[in-house]
Amino acid sequence: MHLVMTSPPAAEPVTVADAKAHMRIDGDAEDVLIGSLLLTSRLHIETALSLALITQSWTLMLDCWPDARQLDLPLAPLSSVREVRVKDASGNATVVPEQNYLVDIASRPPRLVWNNCTPPLPGAPANGIEIDLSAGFGDDADSVPAPLKHAILMLTAHWYEHRDPQEIGGEGARIPDAIGDLINPFRTIRL
């Protein structure tokens, strides 16, 4: 199973100007670095939480169905599953009719549930199933929860202040606990 981004977010949840104000930086000499740190911070938080902060499109590729009844989808908050395709042995894709499944966006993780039918089996030995989906809190920064935006600001500031090469796992490479405290309410808890 792997995800391929097909359409990135149209904007970042935190602007360079917001980060500079947070870090009390004047001038524009560091704007490229700060922009890069903001992107890296967003990606770090999205990956840690399996979230998409601002609406983005992805294709999930699978070799086979892991369960004949449902499929947990790896990104939240899910806004839609646009299409499910199954490839035959020649690589030709057939679109699975929408009435064959329902998409449960309220669950965490969101899931695709088969509607009293068996999912069609792929003929292709690898990546025989493709699911196009959209996820994100909304189309702009205003839709992203404030604690997540603040965590991005704090992580950006942390990495701005700690630019030296660090040993992985070393004290200087450690992310501050306050950032974890901000993002913990958005973690998926498995029982």
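Assorted remarks:
- Residue pairs meeting the criteria (Cβ under 8 Å; at least 6 apart or on separate chains; first without any contact (Cβ under 8 Å) to a residue 12 or more places away in the chain and not assigned by TED's automatic domain parsing to the domain that holds residue 31, in the stretch 6-18; second of a type in the set (Val, Ile, Thr) and part of a helix (DSSP H, G or I)): none
Matching residues to (1) within 30 Å of residue 127 (Cβ to Cβ); (2) modelled with pLDDT under 95:
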| residue | (1), (2) |
| --- | --- |
| 9 | yes, no |
| 16 | no, no |
| 27 | no, yes |
| 39 | yes, no |
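- Selection status of residue 47, in a strand (DSSP E or B) and within 19 Å of the chain's Cα centre (by Cα): no
- Residue within the stretch 153-172 that is at pLDDT 95 or above, assigned to a helix (DSSP H, G or I) and exposed (fewer than 14 other Cβ atoms within 10 Å of the Cβ) present: no
- Qualifying residue in the stretch 94-102 (condition: under 19 Å from the mean Cα position of the chain (by Cα) and either surrounded by fewer than 16 Cβ atoms within 10 Å (Cβ to Cβ) or under 19 Å from residue 147 (Cα atoms) (or both)): no
- Restricting 89, 146, 106, 93 to those that are without any contact (Cβ under 8 Å) to a residue 24 or more places away in the chain, small (Gly, Ala, Ser) and not assigned by TED's automatic domain parsing to the domain that holds residue 21 reduces the list to 106.
- Given (1) surrounded by 15 or more Cβ atoms within 10 Å (Cβ to Cβ); (2) farther than 15 Å from residue 154 by Cα, number of the condition residue 26 does not satisfy: (1)
The values are calculated or read from the model by the stated rules, or taken from the named source; none is laboratory data. Everything numeric in this text was worked out from a predicted model, so none of it was measured. Don't worry about glycine lacking a Cβ; one is built from the backbone with ideal geometry, like all the others, and counts go over all protein chains shown.
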